[in-house]
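Colleague: The structure that follows is given in the form of structure tokens.
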Protein chains: 2
Amino acid sequence: MADRPLQVTVEDVAREAGVSRSTATRALRGHGRIAEATRTRVESVAGRLGYVPNLAASDLAAGGTGVVGLMLRDAANPVYGALFSRIEVAARDAGLELVTVTIGADPGGEQQVQALGRLLGMRVAGLLVATGGVDSHRLEPFASEVPIVRVGRDEPSAAIHAESYDEAWHGGLLAARAHELGHARVVVLGAEAATSFGEHERAEALVASLGATRVDRVATGAAPDDGVRDALAAVDAGATAVLCASDTRQLAVLRALAERGVDCSTSGWDGILPGLDLLGLSTVRVPVESAADAAVERLAALLDGDVDLPIHRRWRGELLPGRTLRPVEHA
Amino acid sequence: MADRPLQVTVEDVAREAGVSRSTATRALRGHGRIAEATRTRVESVAGRLGYVPNLAASDLAAGGTGVVGLMLRDAANPVYGALFSRIEVAARDAGLELVTVTIGADPGGEQQVQALGRLLGMRVAGLLVATGGVDSHRLEPFASEVPIVRVGRDEPSAAIHAESYDEAWHGGLLAARAHELGHARVVVLGAEAATSFGEHERAEALVASLGATRVDRVATGAAPDDGVRDALAAVDAGATAVLCASDTRQLAVLRALAERGVDCSTSGWDGILPGLDLLGLSTVRVPVESAADAAVERLAALLDGDVDLPIHRRWRGELLPGRTLRPVEHA
DNA sequence: GTGAAAGCGCTAACAG
DNA sequence: CTGTTAGCGCTTTCAC
């Protein structure tokens, strides 16, 4: 191997193999007609020299990449981790190469612009957007030039494809369960719209499905234990369950409950957390896998020029009954 | 905005702004001398046209990228999720742009070669390797051309930097705890070397620290409940604790124990899982944050040409006593 | 089957 | 302060 493998160019490989640059390229990329003998010779020279094709050059010359870009939200959250992982696997199975850029909790801010710019600047062949943090209006101008699929969140724009979760339905599941267990006054705990649109949407879905049930809505910031105090106050005032817009929040509530020795039903939302069965969490298992698979499949189809699906689709998960949401005890 | 923003070139912007291509570039990149008036004009034209610089072209012309590459292992595991997230944040704080490629559970295989090739092909300025799945000998040839920092796992090669965990010490922590609680016969449950080197290493560390304690070593495959049956058999035969090489495995054991109504101490390793406090898991909290921060900081320093650190460093976490590893009850 | 030549879109000296 | 001039490394017609 050369002492500076990354400095080796096709030119070098060609010279060393005694062929022209174009022949070397052909041999390496396996396109056009080429003599088998030449091909193997060039290949072995390339290997010996440690040649690593310069992608910038090749993308530029070829006028585009085969790579698809993924914009992701902070993976510390197991839900995004699971989504990421599943997208990754699906993409690999579909023969798509993926490059990922992540975006912190910086709604509407600098980061997303930059991340999006980077991916578009790479002239990715397609875009998967798995973060609520990116506004549709930023994406929209590019929708006609590169296929964009949003995953895990509803998409308002009709120009952008989406595979999301049927959160309204999920809310119905939880509300029905709470009702069935006799809860007549509950608190709904979840972020306000500006903090996390997803959580907000979930909370609203819950409230909407709760119908006649008396609801104390606690809208909070991003930190899991934001609003826990308020929720407990409502419990003291007579609420019999704290319905949370995410499992992380539910954990915070359980922690607070345990600490104060208060007994109260809770539920969450996500259903991804390893060990949630041991904890007995009552929650909704969100269909991460379906959405991820569908998004990748859809993108692959778009890249192939096929399109026949409705532009937006929603997937349904299931209720995990658990043990934290219990029947109301009548005094 | 142009009807085809991604087709707009500096040339177009320059023409529209009535300047030359190089002036336009200068205006956009803010290098060299440029009249403030021209700059704003060019900028506004670029904005209006929806110009997105072609990075392939710019990287090629500039002879390199500013981007650093991250090779990551499957993020479904909360530990990798946490690591990923922290690296991301640290990189952002350090002003580094990150592109990530992930590698499935394909030790030594095609995927890593491809992923590495993609990053090197992009001519990244530096490389962060956060997966055990990439062999050192693949990395080594490039270590002299691009700074490479391995994170979260020991690195055998002296050419490659590393910020890893002091697993031997962690093993000591757990072993001491088990001893102190009176466990005289334990089972150590963790993957075999070929399946997960990290887990294997942990298990070995445990065994080594366990000294005179009688140990049944159960070496398994990757699935969390592999080997659980064997572990329980050892418990039936008299072992008083099952020490696991990861928290995921510990969960599997707890599940099996609960199912069979058997009572037995357990411990895990990782300490990242949200809600582990509620579960009372006894485990070691691995110093993900320290390693991630150190790795990014080191890489940034390397990119600046500073180097003074020992090439390999190890970080120490802490014991989370929990409630799953309990004193042995004497009959 | 192979080589020569013309760029891809951008940057970076240089002059002016 | 701005325009001109060379490329960066690779792909791709098009002749031979």
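The values are calculated or read from the model by the stated rules, or taken from the named source; none is laboratory data. The structure displayed is predicted, hence computed values, not measured ones. No Cβ is skipped: glycine too gets one built from the backbone with ideal geometry, and neighbour counts run over all protein chains shown. Surface areas here come from the heavy atoms of the whole protein model, side chains and all, with no ligands, DNA or RNA. Shrake-Rupley method; radii C 1.70, N 1.55, O 1.52, S 1.80 Å.
Condition check ((1) near DNA strand D (Cβ under 8 Å from one of its atoms); (2) touching a helix residue (DSSP H, G or I) at 6+ places or on another chain (Cβ under 9 Å)) across all residues:
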| residue | (1), (2) |
| --- | --- |
| A:GLN7 | yes, no |
| A:VAL10 | yes, yes |
| A:GLU16 | no, yes |
| A:ILE34 | no, yes |
| A:ALA37 | no, no |
| A:VAL45 | no, yes |
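Colleague: Can you pull out every residue in the range B:69-92 that is surrounded by fewer than 22 Cβ atoms within 10 Å (Cβ to Cβ) and either without any contact (Cβ under 8 Å) to a residue 60 or more places away in the chain or within 7 Å of chain A (Cβ to nearest Cβ) (or both)?
Modeller: Selection gives B:ASP74, B:ALA76, B:VAL89, B:ARG92.
Okay, residues lined up against (1) within 30 Å of A:VAL328 (Cα to Cα); (2) within 14 Å of another protein chain (Cβ to nearest Cβ):
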| site | (1), (2) |
| --- | --- |
| A:GLY109 | no, yes |
| A:ARG118 | no, yes |
| A:MET122 | no, yes |
| A:LEU128 | no, yes |
| A:GLU145 | no, yes |
| A:ARG150 | no, no |
| A:ILE160 | no, no |
| A:TRP169 | yes, no |
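Colleague: So if I check each of B:LEU83, B:LEU96, which one is assigned by TED's automatic domain parsing to the domain that holds B:LEU302 and in a loop (DSSP other than H, G, I, E, B)?
Modeller: B:LEU96 is the lone residue from the list that is assigned by TED's automatic domain parsing to the domain that holds B:LEU302 and in a loop (DSSP other than H, G, I, E, B).
Colleague: For the range A:240-277, give me each residue that is more than 26 Å from the chain's Cα centre (by Cα) and among the hydrophobic types (A, V, I, L, M, F, W, C).
Modeller: The answer is A:ALA241, A:VAL242, A:LEU254, A:ALA256, A:LEU257, A:ALA258, A:VAL262, A:CYS264.
Colleague: Related question: Looking at A:ALA203, is it within 28 Å of A:PRO321 (Cα to Cα), free of Cβ contacts under 8 Å to residues at least 24 places away in the same chain and either within 14 Å of chain B (Cβ to nearest Cβ) or part of a helix (DSSP H, G or I) (or both)?
Modeller: Spelling it out, it is not the case that A:ALA203 is within 28 Å of A:PRO321 (Cα to Cα), free of Cβ contacts under 8 Å to residues at least 24 places away in the same chain and either within 14 Å of chain B (Cβ to nearest Cβ) or part of a helix (DSSP H, G or I) (or both).
Colleague: Hey, among A:SER58, A:SER85, which residue is away from DNA strand D (no atom under 11 Å from the Cβ) and of a type in the set (S, T, N, Q)?
Modeller: Within the list A:SER58, A:SER85, the selection yields A:SER85.
Colleague: If you don't mind, there's one more thing I want to ask. Among (1) away from DNA strand D (no atom under 14 Å from the Cβ); (2) assigned to a helix (DSSP H, G or I), where does A:LEU72 come up short?
Modeller: It is condition (2) that A:LEU72 fails.
Colleague: Sticking with this structure for a sec: Looking at (1) closer than 21 Å to B:GLY152 by Cα; (2) surrounded by fewer than 22 Cβ atoms within 10 Å (Cβ to Cβ), which is the one condition that is false for B:ASP216?
Modeller: Unmet for B:ASP216, out of (1) closer than 21 Å to B:GLY152 by Cα; (2) surrounded by fewer than 22 Cβ atoms within 10 Å (Cβ to Cβ): (1).
Colleague: Kindly indicate the residue of the range A:1-34 that is away from chain B (no Cβ under 13 Å) and of a type in the set (Asp, Glu) and also most open to solvent (accessible area, probe 1.4 Å) among those meeting that condition.
Modeller: Selected residue: A:GLU16.
Colleague: Let me ask something else about it. Tell me the helices (runs of 4 or more DSSP H) entirely within the range A:1-68 that contain at least 2 residues that are in contact (Cβ under 8 Å) with a residue 40 or more places away in the chain and out of contact with any strand residue (DSSP E or B) (no Cβ under 9 Å at 6 or more places or on another chain).
Modeller: Filter on the range A:1-68 gives A:36-49.
Colleague: Can you tell me which of (1) of a type in the set (D, E, K, R); (2) over 16 Å from the mean Cα position of the chain (by Cα); (3) crowded, with 18+ Cβ neighbours inside 10 Å; (4) assigned to a loop (DSSP other than H, G, I, E, B) is the one A:ARG153 doesn't meet?
Modeller: Unmet condition: (2).
Colleague: Surrounded by 17 or more Cβ atoms within 10 Å (Cβ to Cβ) and either more than 7 Å from chain A (Cβ to nearest Cβ) or under 23 Å from B:ASP304 (Cα atoms) (or both): is that true of B:ARG48 in this structure?
Modeller: No.
Colleague: Between A:THR40, A:THR65, which is more than 12 Å from chain B (Cβ to nearest Cβ) and either buried (at least 24 other Cβ atoms within 10 Å of the Cβ) or farther than 30 Å from A:PRO224 by Cα (or both)?
Modeller: Result: A:THR40 is the single residue among A:THR40, A:THR65 that is more than 12 Å from chain B (Cβ to nearest Cβ) and either buried (at least 24 other Cβ atoms within 10 Å of the Cβ) or farther than 30 Å from A:PRO224 by Cα (or both).
Colleague: List pairs: first residue in the range A:226-245 and under 26 Å from A:ARG285 (Cβ atoms) and free of Cβ contacts under 8 Å to residues at least 40 places away in the same chain, second residue outside any loop (DSSP other than H, G, I, E, B) and aliphatic (A, V, I, L, M) anywhere in the structure, Cβ distance under 6 angstrom, at least six positions apart or on different chains.
Modeller: Within 6 Å, the pairs are A:GLY227/A:LEU189; A:GLY227/A:VAL218; A:VAL228/A:ALA252; A:VAL228/A:VAL253; A:VAL228/A:ALA256.
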